[in-house]
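The values are calculated or read from the model by the stated rules, or taken from the named source; none is laboratory data. What you see is a predicted model, and the numbers here were worked out from it, not measured in a lab. Cβ sites come from the backbone with ideal geometry, for glycine too, and all protein chains shown count toward neighbours. Ligands, DNA and RNA are excluded from the accessible area calculation, which covers all protein heavy atoms including side chains. Shrake-Rupley method; radii C 1.70, N 1.55, O 1.52, S 1.80 Å.
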Number of protein chains: 2
Amino acid sequence: MAPFSFDVLARDGRARGGLLRTPHGEVETPVFMPVGTAGAVKAVLHRDLREMGARILLANTYHLMLRPGDELVARLGGLHGFTGWDGPFLTDSGGYQVFSLAALRRLDEEGVRFQSHIDGTAHLLSPERSMQVQQNLGADVAMAFDECPPGDAPRDVVAEATSRTTRWARRSRDAHRREDQWLFGIVQGGIHLDLREASARELLAIGFPGYAIGGLSVGEPKEGRDRVLEHLDPVLPEDKPRYLMGVGTPEDLVDSVARGVDMFDCVLPTRNARNGQLFTSQGRLAIRNARYKEDPRPPDPACGCPTCRTVSRAYLRHLHLANEMGAATLMSLHNLFYYLDMMRAMRQSIRLCRFAEWRRDTLRRLADGQDGP
Amino acid sequence: MAPFSFDVLARDGRARGGLLRTPHGEVETPVFMPVGTAGAVKAVLHRDLREMGARILLANTYHLMLRPGDELVARLGGLHGFTGWDGPFLTDSGGYQVFSLAALRRLDEEGVRFQSHIDGTAHLLSPERSMQVQQNLGADVAMAFDECPPGDAPRDVVAEATSRTTRWARRSRDAHRREDQWLFGIVQGGIHLDLREASARELLAIGFPGYAIGGLSVGEPKEGRDRVLEHLDPVLPEDKPRYLMGVGTPEDLVDSVARGVDMFDCVLPTRNARNGQLFTSQGRLAIRNARYKEDPRPPDPACGCPTCRTVSRAYLRHLHLANEMGAATLMSLHNLFYYLDMMRAMRQSIRLCRFAEWRRDTLRRLADGQDGP
């Protein structure tokens, strides 16, 4: 029997505290997964991720199939052997990236033909090919291949993409062979509650050990997303993990945990760090701002991360303006620590049945600090 | 009394094993100083430098006076307070960089007027200004302001620069006030032994607690440099540290320690790392090379650095080709570890009076491995 399980161990309102077991270790939920697009979280070493409490990483199927190639990764021991990250991995389906990055796409029922954004070579991603790639990559959790329409697509386009996502989910399921890898289905349907519900019910009929909610955080209003989550909460099974793909800000994570979500990934903490934006307990801090030029305080005096324990805003600002790579590393460490620490606090507040109170206080502090600490 | 001293504790041939004491800690010599141009070693955090055994960092006066400004650094506690590196620092004089980086230079007896390569603003570097800047930066060791002519300059140009370097050394000495900072003189004279000897004797007459040898590693043949070092060895005092500026390759360091040098700095380990070149016990390794595409071995199987303990050549090659910052970090860590570890081995071989044997074996292994390991 494959060493997988998911158990909801605590509830507070709709928020859930759970435990996901994988062949590469246990993951407490709700969890934030740092994004290691090409098999590495940008500007951060695995060791630092481990020390900060990261438990599971996301890697991108689209990027890795193009470079260095999934077969090469397989020959070098899969993502775990190749990258040296010995904790759990999750790979996305490649669907979202092929629609956002690749050139000359041609979509039909078979799949998506496209040209690599790296070297122009021609490729096909289909449910069968995505399963082949993801099985080569060997993550602990793989995703069914889905069609992710743009956030502003008209309803009939979303409806057609949603039906296709169901057909592709069935083909993904049929093509998936590895017993040491869980395959999650992806619910599509945009902000249309009936399409979302139909999508979820069709995936449930196929049957997956976990369900992702895709196609959000693509430009839709936050209220639309909240409604989708609230609508799906009673439709999705209580005993299976729910993963909200590509979301989001600290506020988004808090509000989505409140609506029953267990898993998240997002590039925001690392991308914003490289652009000089820090998430702090008092709101966001743009390190370029001249007010920090001689500021001897750490980015967040309330934070215990390796960056806040050792450097000042003035020094970080200097490194950032001098284009020193260390700036990206120090700020990525801080932002990831902030996200991971916030998830720890959320899990604890759920266990203690104080999530609502914690949420109110946290959101208020973030709102008060919109101009920075 | 300022807490400075230098003692030669072991000798083997001309090689010396010493101990440099500074207000921020002790440094065993011969020592390699990683270069932290803008107050940070590129792509490497202080913590990792400490763990790898780096004891003293070099920072560049020219860069820091332009950005963030030496007065700002002073207000934030000098280099130690500003950067958080609590071990010793050495700052160069700014002379070399102003000649290699700045635009629209005008040199006269007063100093060098130039425009910043960052924003075009006008600046003056003179002995007095260099002392002011270096005292603001507050490194443990400062350098006298020197004129560094190009490696291919005719003899009369070198001779004039050498005389001016002596006059500037005297002015540097007169302008230098901090008692918690040592000021070293810089011997110039190109590859002309008589000019080198005159320069050294003039500096000795002024009197410094340490002597640097500048103006090498600027394109001169290696034999020329070796002759200069051999010629200066009996001229420079036995009981003062000797610092060969900006040198060099692993072979250069071994050959210069054999000629009595105690201190080194060089950007090679970090710059080459960013360009994908690794120094190994078996010679150099260009990570881009297709032969490493599926190579599961660490960069140097004989190396105990954090990189070699955790990642393969195949993974490093992938990260490098994908322009991931982690590649620069992992390879910089390895190259710096290689340099620092080689210095450790040299110091031990000197203490054990086995330096000649160690040197022969090491240089042979490096020569055998010129095509990479």
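Quick notes on this one:
- DSSP-defined beta bridges in chain B - what % are antiparallel, rounded to 5: 55 percent
- Computed from phi, the 3J(HN,Hα) profile of region B:69-86 under the Karplus parametrisation 6.51, -1.76, 1.60 (θ = phi - 60°) reads x, 5, 6, 4, 4, 4, 5, 9, x, x, 4, 5, x, 5, 8, x, 7, 9 Hz, with x in place of Gly and Pro.
- For the protein assembly as shown, with +1 on Lys and Arg beta carbons and -1 on Asp and Glu, the positive-most of B:Val257, A:Ile186, B:Met325 along the dipole: B:Val257
- Remark on B:His117: its backbone amide H falls under 5 Å from those of B:Ala103, a criterion applied only to residues 5 or more positions apart or on other chains, H modelled at 1.01 Å from N.
- Cβ charges +1 (Lys, Arg) and -1 (Asp, Glu), total dipole of region B:116-237, debye: 300 debye
- Comparing the full protein assembly with the isolated chain, the residues of region B:57-87 losing at least 40 square angstrom of accessible surface (1.4 Å probe) are B:Arg67, B:Leu72, B:Leu76, B:Phe82.
- Converting phi to 3J(HN,Hα) with the Karplus coefficients 6.51, -1.76 and 1.60 and the offset θ = phi - 60°, region B:125-137 yields 10, 9, x, 5, 5, 4, 5, 4, 4, 5, 6, 5, 5 Hz in sequence order, with x at every glycine or proline.
- Degrees between helix B:155-175 axis and first principal axis of chain B (Cα, 0 to 90, nearest 10): 70 degrees
- Placing a label point 7 Å from the Cα of B:Leu204 along the Cα-to-Cβ direction, no residue of region B:1-35 has a backbone N closer than 11 Å.
- Pairs of Lys residues in the protein assembly as shown, spaced 8 or more positions apart or belonging to different chains, with C-alpha separations under 29 angstrom: 9 in total.
- Highest-first arrangement of A:230-238, A:157-165, where packing means the average Cβ count within 10 Å: A:157-165, A:230-238
- Residues in region A:340-356 carry Karplus couplings, in order, of 5, 6, 5, 5, 4, 5, 5, 4, 5, 5, 5, 4, 8, 6, 10, 5, 4 Hz; the curve used is 6.51 cos²θ - 1.76 cosθ + 1.60 with θ = phi - 60°, and Gly or Pro positions show x.
- The base-10 log of I(q)/I(0) for region B:1-116, evaluated at q = 0.10, 0.12, 0.16, 0.20 Å⁻¹, reads -0.39, -0.55, -0.88, -1.12 [Debye formula, identical scatterers on Cα atoms, solvent excluded].
- Simple spin-label estimate for A:Ala286 and A:Leu19 in nanometres, 7 Å along Cα-Cβ: 4.5 nm
- Model label sites at B:Ala153 and B:Cys353, defined 7 Å from Cα along the beta-carbon direction, differ in position by 4.4 nm.
- Surface share of carbon and sulfur [accessible, 1.4 angstrom probe, percent] for region B:1-131: 50 percent
- Degrees between helix A:222-232 axis and first principal axis of chain A (Cα, 0 to 90, nearest 10): 50 degrees
- Mean separation of Cα contacts under 8 Å, 6 or more apart, over the residue count of region A:6-140: relative contact order %: 21 percent
- DSSP beta bridges in the protein assembly as shown [antiparallel fraction, %, rounded to 5]: 55 percent
- Mean separation of Cα contacts under 8 Å, 6 or more apart, over the residue count of region B:228-373: relative contact order %: 25 percent
- Compactness of chain B - radius of gyration and Dmax, Cα, Å: 20.2, 60
- Look at the alpha carbon pairs under 8 Å that are at least 6 residues apart: their mean separation over the length of chain B gives a relative contact order of 17 percent.
- Inter-part distance where region A:320-373 and region A:43-81 are each reduced to a Cα centre, Å: 25 Å
- Distance between modelled label sites at B:Arg167 and A:Glu294, nm, 7 Å Cα→Cβ extension: 3.7 nm
- Around the amide H of A:Val112, modelled in the peptide plane, lie the amide H atoms of A:Leu125, A:Ser126, all under 5 Å away and 5 or more residues distant in sequence or on another chain.
- For B:Arg284, nonlocal amide neighbours, meaning residues 5 or more places apart or on other chains whose placed amide H falls under 5 Å from its own, are B:Gly372.
- Helix B:193-206 axis, angle to chain B major axis (alpha carbon atoms, nearest 10°): 60 degrees
- Stretching the chain fully between B:Ala122 and B:Arg364 yields a gain of 82.2 nm (0.36 nm per residue, less the alpha carbon separation).
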